[in-house]
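Readers should treat all values here as calculations from the given coordinates under stated rules, not as data from a laboratory. Since this is a predicted model, take the numbers as computed values, not measurements.
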Amino acid sequence: MEQQTRFIHLVRLGWDLRVLGVRTSLVLPVAGNPVLEVHAAAGVLARITAVRRRRGWVFTWRPWWTRLWRRDEWVWAEADNAADIVRAEVTGVAGVAA
């Protein structure tokens, strides 16, 4: 059930980012957790996963140059503005697409 919940959160985030004009791909490895990749013309900007915390699910990402998880790089999965926050943090573009 945990894997399915993780998948559902990532699909919802991917869809919401798509609406904001951000290109994503959902990667479903044979072994391991699903990952939502955020793309730019130059390649993958970030790989996002959903992680269960004590108070609920969060999205976290590790750009390829990050070695350690940083506490400021997560957002609550249930937040109505999760896609806006992820878009601003990962792409550096703030605001909502018109």
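Here are some notes:
- Residue by residue, region 13-22 carries 3J(HN,Hα) couplings of 5, x, 5, 5, 5, 4, 4, 8, x, 9 Hz when phi is fed to the Karplus relation 6.51 cos²θ - 1.76 cosθ + 1.60 (θ = phi - 60°); x denotes Gly or Pro.
- Amide H partners (placed H, <5 Å) of A46, local residues excluded: V38
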